[in-house]
Every structure is written in structure tokens, then in C-alpha cells.
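Report on the following structure.
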Amino acid sequence: MRRLAGRSTVSMQNIADELGISKVTVSKAINGKDGVGEALKEKILQTAAARGYVLPDYGQRKARTVGIIMSERFNSGGRDRFYMGMYDTIIHELRMRAYSSAMITPNRESLEQDAEMIEKPGVFDGLIFLGILDRAVRERIDRVALPKVYVDLYDATYHSDSVVTENIYSAYEMTKYLIRNGHREIGFVGSLGVTTSINDRYLGYVRALLEKGLPRQEMWIIPDRDREGGAVELQLPEKLPTAFMCNCDETAFRLIKALKLRNLSVPKDVSVAGFDNDIYARLCEPGLTTVAVDMEEIGRVAVARIVRCMESPGERDGEVYRIPGKLVFRDSVQELRGE
């Protein structure tokens, strides 16, 4: 699926005049060049996006195309809503810089054909990996000799940049919020070892418990998916904690449904917190307390890094950019009185 950038009637000079800076400064920021401070660069990019600016191509440079590699399951229900939102943010940032993009969803059956297409000279100038991939798919595409940036996962080879949510500290802060509200028995819902995001969020949860000397009960660590990422039925123990920290909002949504089937009320009987602030947070009843992932900043940083990698291929890559999340307080967490 290819989406090509169009032209814009807004010029760099228009943006420069509005911000009271030089056109050269605007050009450097939009093209990902050095010489502009991060705060000013962000202001320039935000203004350009708000005005609908797209970097024009005057035929003086080769048009570049970025391949966005995703799991095909993100197009068919579940967490695809989260990743498709992130995908839209990335292609918006690419379009603003006059880069075209194409989504590729390789699976084990199509892998060799997709890899041959990706490796064909002149088809792609860079790749963005978005979300967890089947191991065989990832290992094969990892070998493609193109600039790469990984989003919401880490590059295991440490040769390419990775852009991720700051999972550990965000989950730590959310678990501390539960503790501040009087909860001393807190469970975690998420299948450990399936994704780095789940592992990191679990580590943040454990860190908060350790700091307060609170017990971590194995029976309250509830798997939510299989090794391939497919949802599994939540197996809740007979004795429940007073609160659960969930690795994502979709899981929190399913947990609330499972609790209601046991005639338990959220948050009166059990408090629930999530992670992502995606559509499931708003589908929950009551509204879900969660960690908001900054998709716009993740998309902006990912595109800035892939542009830098394509324009300056000799530079050292392999940095990890961790984007802070933000706690969002709704009605799914109850303060325990007298605690």
C-alpha cells in the first residue's frame, strides 16, 4: 500500500515569517539537519504540520520511499487499532517531508517473495519496523542491507536506532499510584517473555512493589496472550488482589469483562489500570486509568531518525530513544479508605 506525498501551498518562508526565524533554520529542521535546537525544531515541525506543509520536490533530488514492516495481524482486530494509529502518525511525518511509504506485512509463506521485493535495488531507501514481528520474519528482514529504525521494539543487533515508550518508569509510576491509593495487594496481567514491552512494564510494576516491601504473588501474575501474541482467556484465581496493573488497555478491557462475569464491580471490588490510552481505554466502563503513549512524538522521532540514517548512512546508529508516557486518571481506580 503506497501513499505518496502531495504538494503544499505553504512555503518554508511562510513558516519562517510566522515564527520570526530564517528560512535556512526552517529548512534544517524539516530536513533533519544539525544546527537547530530540539525545542525550536519541534516548534518548527509542529507549525509546519498545523499549516499542512509538505516538502516539495523540484526534481533536484531522488524521491525516497520508506517501507513500513508490520505484522499482518495488526490489520485484523485487537491491537491493530493501536499500531494503525502509530502507523498513521509515521506516514504523516513522512508525507510532510515528501517521502513516500509502503506497508509490507510479511508472513512465513510470503517471506522470501517479500524479502526479494524489499531488497530489489531502487524499491526502498529505508525501513521502519513497527511492533512485534514473527521471529523468522524479523530475522530475515534484519539481514536486508538498508537503513532501519525499530518502533515499539528493540533492535537486537544494536546496529539500528530503536524508538520505544519509556515502559519501565511509566509502569512503575502507575503502580505507585495504585499504592498511594491504599492498594497493598496488586496483580499484573500480561504474558511474560512474549514482548519486550510486556517485560519492561512488568519490571516497572515489580520495582514499585519492591520499594514498598509489598509481596508479589505468583497467582496474581495472569497471562493474557500466547507466544504468537494471540489473546487467551484470562484465568483468574479464586482470591483476587484489590488492584491489577495491566500491560495494555485491550487486556484491561478484557479483565473488566471477566470480573463482571464474576459479579465483581470495578473499581468497588477491584481497581484496574492499563497502558496505551488507546480506544479500549474509552470503551471500558468505567473509564480506564492508564498510561498515554505519545504516538505523535514516537512518530516524529522515528521519522527523524530514518531520514538521518538515509541522508547520512556513514554515521553511527544503534541509539535507543525512550519516549515518556503520561498517566491519565479516570474512574477505574478506587482509593481504599482507612489504608
Filter result for the condition that a residue is charged (D, E, K, R) and within 13 Å of Ser191 (Cα to Cα), over Glu238, Glu228: Glu228
Residues that are open to solvent by less than 10 Å² (accessible area, probe 1.4 Å), farther than 20 Å from Glu296 by Cα and either in contact with a His (Cβ under 6 Å, 6 or more places away or on another chain) or part of a loop (DSSP other than H, G, I, E, B) (or both), drawn from the stretch 262-274: Val270
Sole exception among (1) within 24 Å of the chain's Cα centre (by Cα); (2) farther than 17 Å from Arg201 by Cβ for Lys239, by number: (1)
Extreme residue, farthest from Ala302 (Cα to Cα), among residues of the stretch 1-19 that are at pLDDT below 80 and not small (Gly, Ala, Ser): Thr9
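Does Gly67 qualify as being modelled with pLDDT of 90 or more and open to solvent by less than 40 Å² (accessible area, probe 1.4 Å)?
Working: modelled with pLDDT of 90 or more: yes; open to solvent by less than 40 Å² (accessible area, probe 1.4 Å): yes.
Spelling it out, Gly67 is indeed modelled with pLDDT of 90 or more and open to solvent by less than 40 Å² (accessible area, probe 1.4 Å).
Does Arg95 satisfy the criteria of being closer than 22 Å to Ile198 by Cβ, basic (Lys, Arg) and not in a loop (DSSP other than H, G, I, E, B)?
On the way: closer than 22 Å to Ile198 by Cβ: no; basic (Lys, Arg): yes; not in a loop (DSSP other than H, G, I, E, B): yes.
Answer is no for this residue.
Okay, residues lined up against (1) over 22 Å from Glu72 (Cβ atoms); (2) modelled with pLDDT of 90 or more:
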{"site": "Glu119", "(1), (2)": "no, yes"}
{"site": "Phe129", "(1), (2)": "no, yes"}
{"site": "Leu133", "(1), (2)": "no, no"}
{"site": "Arg143", "(1), (2)": "no, no"}
{"site": "Tyr158", "(1), (2)": "yes, no"}
{"site": "Ser170", "(1), (2)": "yes, yes"}
Selection from the stretch 127-167 of residues that are out of contact with any Phe, Trp or Tyr (no Cβ under 9 Å at 6 or more places or on another chain), part of a helix (DSSP H, G or I) and among the β-branched types (Val, Ile, Thr): Val137
When residues of the stretch 20-51 are limited to those that are surrounded by 15 or more Cβ atoms within 10 Å (Cβ to Cβ) and more than 29 Å from the chain's Cα centre (by Cα), the one modelled with the lowest pLDDT: Thr25
The lone exception for Thr196 - which of (1) under 20 Å from Tyr83 (Cα atoms); (2) surrounded by 19 or more Cβ atoms within 10 Å (Cβ to Cβ) it fails: (2)
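Out of the stretch 199-216, which residues are aliphatic (A, V, I, L, M) and open to solvent by less than 20 Å² (accessible area, probe 1.4 Å)?
Listed by number, the residues that qualify are Ala208, Leu209.
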Inter-residue pairs, beta-carbon under 7 Å, first within 21 Å of Met86 (Cβ to Cβ) and in the stretch 262-284, second open to solvent by 50 Å² or more (accessible area, probe 1.4 Å), 6+ apart: Asp278/Arg81; Ile279/Arg81; Tyr280/Phe253; Leu283/Phe253; Cys284/Phe253
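Can you find a residue in the stretch 107-123 that is in contact (Cβ under 8 Å) with a residue 40 or more places away in the chain and part of a loop (DSSP other than H, G, I, E, B)?
Residues of the stretch 107-123 in contact (Cβ under 8 Å) with a residue 40 or more places away in the chain: 118, 123.
Narrowing further to those that are part of a loop (DSSP other than H, G, I, E, B): 123.
Yes, the stretch 107-123 has at least one match.
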In the stretch 173-190, residue least open to solvent (accessible area, probe 1.4 Å) [restricted to those that are under 28 Å from Tyr87 (Cβ atoms) and part of a helix (DSSP H, G or I)]: Met174
Top-ranked residue of the stretch 221-261 - restricted to ones that are among the small types (Gly, Ala, Ser) and either in a helix (DSSP H, G or I) or at positive phi (or both), ranked as surrounded by the fewest Cβ atoms within 10 Å (Cβ to Cβ): Ala258
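The values are calculated or read from the model by the stated rules, or taken from the named source; none is laboratory data. The structure presented is a predicted model; accordingly, all values stated were derived computationally and were not measured. Positions of Cβ are backbone-derived with ideal geometry, glycine not excepted, and every protein chain shown enters the neighbour counts. Just the protein is used for accessible areas: all its heavy atoms, side chains included, with ligands, DNA and RNA removed. Shrake-Rupley method; radii C 1.70, N 1.55, O 1.52, S 1.80 Å.
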